[in-house]
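Peer 1: One structure, pasted below without further comment.
The values are calculated or read from the model by the stated rules, or taken from the named source; none is laboratory data. A quick note: this is a predicted structure, and the numbers were derived from the prediction, not measured. Cβ sites come from the backbone with ideal geometry, for glycine too, and all protein chains shown count toward neighbours. Remember, those area values only see protein heavy atoms, side chains included, never the ligands or the DNA or RNA. Shrake-Rupley method; radii C 1.70, N 1.55, O 1.52, S 1.80 Å.
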Amino acid sequence: QVQLVESGGGLVQAGGSLRLSCAASGRTFSTYFMGWFRQAPGKEREFVAAIMWSDDSTYYIDSVKGRFTISRDNAKNTVILQMNSLKPEDTAVYYCATAVASGHPRIEGDYDYWGQGTQVTVSS
């Protein structure tokens, strides 16, 4: 079992920044990749970014490239999503997830454990 706890969400004006953190505990030694997804009101949950544990390769949805950066802190078993130049369309609940078996980091179904989510609201 793996437990994930997100933090760092909040309200920010357009153009501002937020830093989301996801702390993992439990069987973290078997991690293949970790990622962030988001779900806006009335929309399906979508992939945002992911990082591979083997080589730190990163993946991003096109709409956040150049604005968001995913990274990890091995010592703290934490994955970070730094979000800059935020836009109102980034408003959503952001979820952290981890995969303990091989798969593709863009595919929601390949993740095994999920956090409870943290709200990000960007005002115009």
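Peer 1: Once you charge only the Cβ atoms, +1 for Lys and Arg and -1 for Asp and Glu, what is the size of the charge dipole of the chain about its Cα centre, to the nearest 20 debye?
Peer 2: 240 debye
Peer 1: Sticking with this structure for a sec: Would you mind getting the accessible area per residue of the stretch 33-124, heavy atoms of the protein chains only, 1.4 Å probe, in Å²?
Peer 2: 48 Å²
Peer 1: Using R₀ = 35 Å, calculate the FRET efficiency as 1/(1 + (r/R₀)^6) where r is the Cβ-Cβ separation of SER57 and GLU89; round to 0.05.
Peer 2: Calculated transfer efficiency: 0.85.
Peer 1: Next question. Convert each backbone phi in the stretch 30-46 into a coupling constant with the Karplus relation 6.51 cos²θ - 1.76 cosθ + 1.60 (shift: θ = phi - 60°), then list the ³J(HN,Hα) values in order as whole Hz, x for Gly and Pro.
Peer 2: The phi angles translate into 9, 5, 9, 7, 10, x, 10, 10, 9, 9, 8, x, x, 10, 6, 5, 10 Hz.
Peer 1: So what are the ³J(HN,Hα) numbers for the stretch 55-65, from phi and the Karplus equation (6.51, -1.76, 1.60; θ = phi - 60°), rounded to whole Hz, Gly and Pro as x?
Peer 2: Each residue of the stretch 55-65 in turn: 9, 6, 4, 10, 9, 9, 6, 4, 5, 10, 4 Hz.
Peer 1: Something else: Taking springs between alpha-carbon atoms closer than 10 angstrom, which of ALA24, ALA50, ALA75 fluctuates most in the Gaussian network model of the chain?
Peer 2: Maximum fluctuation in the GNM of the chain, among the listed residues, is at ALA75.
Peer 1: Now a separate question. Can you send over the carbon and sulfur percentage of the accessible area for the chain, probe radius 1.4 Å, protein chains only?
Peer 2: 47 percent
Peer 1: List the residues of the stretch 95-111 whose backbone N lies under 16 Å from a point placed 7 Å from the Cα of GLN119 along the Cα-to-Cβ direction.
Peer 2: 95
Peer 1: Between PHE68 and residues 5 or more places away or on another chain, which pairs have amide H atoms under 5 Å apart, with H built 1.01 Å from N, and which residues are they?
Peer 2: ASN84
Peer 1: ³J(HN,Hα) across the stretch 14-24 via Karplus (A = 6.51, B = -1.76, C = 1.60, θ = phi - 60°), whole Hz, x for Gly/Pro?
Peer 2: 3, x, x, 10, 9, 10, 9, 10, 9, 9, 9
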